[in-house]
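Taking it in order: structure first as structure tokens, then the write-up.
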Amino acid sequence: MKKILWRLLRWGAGLLGLIVVLLVLRGVYAFRDRVHGYQLDLKVDAAKSKATPRPLRIGFGRVNINPDLSNPQKPVWLAGFSHHRAATAIHDDLWAIACVLDDGYTRVGVVGLDAIGFFHDDAVAVRRACAAEWKLDYTIVCSMHNHTTPDLMGLWGKDVLHSGVDPDYRKQVIAAATKSLGDAVAALQPARVAFHEIPTPPDGLVADTRKPIVFDPDIRVMHFTNPTNGATIGSLVGWGNHPETPWAKNTEITADFCGYLRDALENGITQDGKTFIPGVGGIHLYINGAVGGLMTTHPSVTVRDPVSNQDLKEPSHEKTRAVGRQLALRVLPKLADKNSPASEFAPISLRARTIEMPIANKLFLAAGFLGLIDRGHVHWRTMRTEVALLTFGDASIACVPGEIYPEIVNGGIERAPGGDFDIEPLEVPPLRELMPGKIKFVFGLANDELGYIIPKSEWDEKPPHLYGSKGVYGEVNSCGPDTARLLHTALKDFCQENKAGGAPK
Ligand SMILES: [Zn+2]
């Protein structure tokens, strides 16, 4: 009897040991570094470009990234709301759109993807796929964070335990982003740039669904024109809102307001063959900014269509189009104005750096372990990400690898009552106060999607909850309470370096 017990115990211990070994091996495999040793520390000074300016050149490229819906055996899982939301049709096209900026010394490529998220490993894959002869010194790939596009993050498959990412589609998007950059390089031509900052009250466009109520409401534009005839080459438009206007029940793929805006800038605001405001031609790139905290055209927001003057509240493609038209209505007069001050010179400076981001969120770790979130870790519970600060003529661009709360950008962080830490705001001064230049762009989801970037003094998981509420949404999709401070510090350092006159100038 004793012998049998002893044997069973040994068997049990052996089995337990085997399970532990298998779990460790699974962990090692799931969290393996996908871009081993990747480390970026880029400094490009604008001093030479400022001292001996060379004419600005600009190029655009765009490549379609519609998924293949023809195989009923292989559903395309839509991201952003719930599991098991299969795409039923393509309502309007998805694109990878690139704009390449070249001041004669430095060449930077910016890509906007009609996609939910693109991890740092994917952004590096694009970088590595670019041909050396394209001479790109830096690339920035930004997702729109669009909630009606194929899952590229792994969180919205057929159920909680299955990733919704189709590896072939991910390859398609990486290839398309790369090709859009190559096309943009091939299209480089002399250009002038005009910068615009368009005050845009959020009413009737976007709601803030989490206190404190702080927006990043204004639209910022880089407009590129032909120096000889003034014709539009294209534009880069920045604003901050979740592209999720058609909401959770919609299963028809759409580029959301980003697509309607781009189309209206190019082809005008039109309906039934009638043109209400003419377009300016060219290729237009939209880049999302501070979408955290949480900026959305919520179903409670009523949007007025400027063509029909109809008020649209129920989520629909019509309401989505109305958001795009409302934005285009504000941007088009600026693009049409031939008297805007524009320059043929826009020196580029650049500072970009790899950051190691600790992961406190156990759900993120579990999702990684299960293979839902497919991205590498540099070490245990630490992911590699990247921040950047560029200056471009009179403008500057802060590249933020996720969904930043607008109060970190514009100010208004609170020592929020009910917060878990009860501390004074750490992520101060606000980024726009620190950033150089006159027009200050924030590119969100730039070269990564880390999830929400939440001020530590507003972090709230434990009761009592913020402002006496029953609980808040955001923390579940964030790396942790120190994410914002780490990113803010890195960008603050870049801004101070810039101010001190070191690299970049
Ligand atoms: Zn989001």
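The values are calculated or read from the model by the stated rules, or taken from the named source; none is laboratory data. The model shown is predicted, which means the values in this text are computed figures rather than measured ones. Please note: Cβ atoms are built from the backbone with ideal geometry, for glycine as well, and neighbour counts cover all protein chains shown. SASA here: full protein model, heavy atoms, side chains in, ligands and nucleic acids out. Shrake-Rupley method; radii C 1.70, N 1.55, O 1.52, S 1.80 Å.
The residue that is farthest from the chain's Cα centre (by Cα), counting only those in segment 254-296 that are closer than 27 Å to residue 487 by Cα and of a type in the set (Val, Ile, Thr), is 296. Residues in segment 212-238 that are touching an Asp or Glu at 6+ places or on another chain (Cβ under 8 Å) and within 28 Å of residue 466 (Cα to Cα): 212, 214, 215, 218. Residue 236 passes every criterion in (1) open to solvent by 40 Å² or more (accessible area, probe 1.4 Å); (2) closer than 18 Å to residue 111 by Cα; (3) of a type in the set (A, V, I, L, M) apart from (1).
Among the criteria (1) in contact with a His (Cβ under 6 Å, 6 or more places away or on another chain); (2) surrounded by fewer than 24 Cβ atoms within 10 Å (Cβ to Cβ), the one residue 445 does not fulfil is (2). Pairing residues of segment 294-323 that are modelled with pLDDT under 95 with residues that are in a loop (DSSP other than H, G, I, E, B), at Cβ distances under 9 Å and at least 6 apart in sequence or on separate chains, gives 294/209; 294/210; 294/405; 294/473; 294/474. Within segment 245-282, the set of residues being surrounded by fewer than 21 Cβ atoms within 10 Å (Cβ to Cβ) and either of a type in the set (Ser, Thr, Tyr) or part of a strand (DSSP E or B) (or both) comprises 251, 252, 270, 271, 274, 275, 276, 277. Flag set for residue 97, criterion: away from the ligand (no atom under 16 Å from the Cβ), in contact with a Lys or Arg (Cβ under 6 Å, 6 or more places away or on another chain) and hydrophobic (A, V, I, L, M, F, W, C).
Only one of the numbered conditions (1) assigned to a loop (DSSP other than H, G, I, E, B); (2) more than 16 Å from the ligand (Cβ to nearest atom) is violated by residue 108, and that is (1). Listed here are the helices (runs of 4 or more DSSP H) enclosed by segment 310-423 that have at least 3 residues being under 26 Å from residue 260 (Cα atoms) and of a type in the set (Val, Ile, Thr): 317-336. Set side by side, the residues 79, 47 differ, and just one is over 21 Å from residue 128 (Cβ atoms) and open to solvent by less than 20 Å² (accessible area, probe 1.4 Å), which is 79.
Only residues that are under 23 Å from residue 493 (Cβ atoms), touching a residue at least 24 places away in the same chain (Cβ under 8 Å) and more than 21 Å from the chain's Cα centre (by Cα) were counted in segment 355-392, giving 2. If you go through segment 16-67 and keep only what is out of contact with any Asp or Glu (no Cβ under 7 Å at 6 or more places or on another chain) and assigned to a loop (DSSP other than H, G, I, E, B), you end up with 31, 32, 33, 36, 37, 38, 39, 45, 46, 52, 53, 67.
Checked across segment 400-408, the condition of being among the β-branched types (Val, Ile, Thr), within 22 Å of residue 220 (Cβ to Cβ), open to solvent by 10 Å² or more (accessible area, probe 1.4 Å) and touching a strand residue (DSSP E or B) at 6+ places or on another chain (Cβ under 7 Å) holds for no residue. Being within 16 Å of the ligand (Cβ to nearest atom), surrounded by 23 or more Cβ atoms within 10 Å (Cβ to Cβ) and more than 20 Å from residue 333 (Cβ to Cβ), is that true of even one residue in segment 190-199? Among the residues of segment 190-199, not one is within 16 Å of the ligand (Cβ to nearest atom), surrounded by 23 or more Cβ atoms within 10 Å (Cβ to Cβ) and more than 20 Å from residue 333 (Cβ to Cβ), which makes the answer no.
Looking across 160, 193, 185, 214, one residue alone is modelled with pLDDT of 95 or more, assigned to a loop (DSSP other than H, G, I, E, B) and hydrophobic (A, V, I, L, M, F, W, C). It is 214.
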